[in-house]
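The values are calculated or read from the model by the stated rules, or taken from the named source; none is laboratory data. None of these values were measured; they are calculated from a predicted model. Neighbour counts run over all protein chains shown; Cβ positions are idealised from the backbone, glycine included.
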Amino acid sequence: MHISELEEKVKAIAIAEMSLNPHTFKMSTPLLQISNIDSLDFVSLMVAYENEFDVRMEDADYNKIGNLNDLVRVLLTEKGVQVG
């Protein structure tokens, strides 16, 4: 998997889990500023990523994730998700 494939997968999961418009939602969109997401939805989204990438997210990780770009960085640098 290349980094662009990881980014696409991360974005697709967010769009599916939160019923977002794929044409307007961007990787840089602040997750907690999306009108239909609350903190419980955020945790549910993180659980979806844990399941997809077989990682365990800690509270300290959640604090580092403001948008999907941040999530990709955490997955790569701190959770060891491999890209080719």
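Quick notes on this structure:
- Selection within the range 41-59 - in contact with an Asp or Glu (Cβ under 9 Å, 6 or more places away or on another chain), outside any loop (DSSP other than H, G, I, E, B), aliphatic (A, V, I, L, M) and modelled with pLDDT under 95: L45, M46
- Here the range 1-40 is the region considered, the condition is being among the hydroxyl-bearing types (S, T, Y) and assigned to a helix (DSSP H, G or I), and the residue that is modelled with the highest pLDDT is S4.
- Cβ pairs under 9 Å, 6+ apart, first in the range 66-79 and touching a residue at least 40 places away in the same chain (Cβ under 8 Å), second exposed (fewer than 15 other Cβ atoms within 10 Å of the Cβ) and small (G, A, S): N67/S28; L68/S28; N69/S28
- Failed item in (1) of a type in the set (D, E, K, R); (2) touching a residue at least 24 places away in the same chain (Cβ under 8 Å); (3) exposed (fewer than 13 other Cβ atoms within 10 Å of the Cβ), with E7 passing the rest: (3)
- Screening E58, E52 for residues that are in contact (Cβ under 8 Å) with a residue 24 or more places away in the chain and more than 10 Å from the chain's Cα centre (by Cα) leaves exactly one candidate, E52.
- Number of positions in the range 27-51 that are surrounded by 11 or more Cβ atoms within 10 Å (Cβ to Cβ) and closer than 13 Å to V72 by Cα: 4
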